[in-house]
1. For the condition open to solvent by less than 30 Å² (accessible area, probe 1.4 Å), farther than 14 Å from Y93 by Cβ and in a strand (DSSP E or B), what is the one hit in A49, A24?
2. Filter the stretch 27-46 down to residues that are over 15 Å from the mean Cα position of the chain (by Cα) and without any contact (Cβ under 8 Å) to a residue 60 or more places away in the chain and give me whichever is most open to solvent (accessible area, probe 1.4 Å).
3. Just wondering, is there one or more residues in the stretch 98-111 that are part of a loop (DSSP other than H, G, I, E, B) and closer than 16 Å to W11 by Cα?
4. Taking L85 as the residue in question, decide whether it is open to solvent by less than 40 Å² (accessible area, probe 1.4 Å) and assigned to a loop (DSSP other than H, G, I, E, B).
5. Give just the number: which of (1) surrounded by fewer than 18 Cβ atoms within 10 Å (Cβ to Cβ); (2) assigned to a loop (DSSP other than H, G, I, E, B); (3) modelled with pLDDT under 95 does G15 not satisfy?
6. Within the stretch 11-24, how many residues turn out to be touching a residue at least 60 places away in the same chain (Cβ under 8 Å) and closer than 14 Å to T81 by Cβ?
7. Of the conditions (1) crowded, with 21+ Cβ neighbours inside 10 Å; (2) of a type outside the set (S, T, Y); (3) in contact with a Leu (Cβ under 7 Å, 6 or more places away or on another chain), V63 satisfies every one except a single condition; which number is it?
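The values are calculated or read from the model by the stated rules, or taken from the named source; none is laboratory data. All of these numbers come straight from a predicted model, not from anything done at the bench. FYI the Cβ positions are ideal-geometry reconstructions off the backbone, even for glycines, and counts take in every protein chain you see. Ligands, DNA and RNA are stripped out before the accessible areas are found, and what is left, the full protein with its side chains, is counted by its heavy atoms. Shrake-Rupley method; radii C 1.70, N 1.55, O 1.52, S 1.80 Å.
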Amino acid sequence: QVQLVESGGGWVQAGGSLTLSCVASGDLGSIGTMGWYRQAPGKQRELVAEIVSGGRTNSGDSVKGRFAISRGDVRDTVSLTLSRLKAEDTAVYYCHVVVRTGSYWGQGTVVTVSS
């Protein structure tokens, strides 16, 4: 079993910044992919950014140039720095990890951007 604990969500004004963090624990083995998705009210869950095995990153078009993903010094952590936030970035942000036993999701952390 794998557990993911997110932190760092909150309320911020448009143009501001936030950093989200996720700590993974449990039967991780070799982590294939670690990253973040988000789901806004009434919309489907979408990729924000992820780091795949080997260090390559993928990100959604709407966040390129504004959000940055990084793995922590401890390998089982991942952070997402959200900059130049817009009202449309308001969503529940979910940590996601893919390991040998499957795909796992965190409970989510809410980011609210006020325009």
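1. Details: A49 fails: farther than 14 Å from Y93 by Cβ.
None of the other options fit; the residue is A24.
2. In this case the residue turns out to be Q44.
3. Here is the first cut: in the stretch 98-111, the ones part of a loop (DSSP other than H, G, I, E, B) are 100-101, 106-108.
Subset that is closer than 16 Å to W11 by Cα: 108.
Yes, the stretch 98-111 contains at least one residue that is part of a loop (DSSP other than H, G, I, E, B) and closer than 16 Å to W11 by Cα.
4. On the way: open to solvent by less than 40 Å² (accessible area, probe 1.4 Å): yes; assigned to a loop (DSSP other than H, G, I, E, B): yes.
The answer is yes for L85.
5. So G15 meets the others, but not (3).
6. Step one: filter the stretch 11-24 for residues touching a residue at least 60 places away in the same chain (Cβ under 8 Å), giving 11-20, 22, 24.
Adding the requirement that they be closer than 14 Å to T81 by Cβ leaves 12, 16-20, 22.
Of the residues in that region, 7 qualify.
7. (3)
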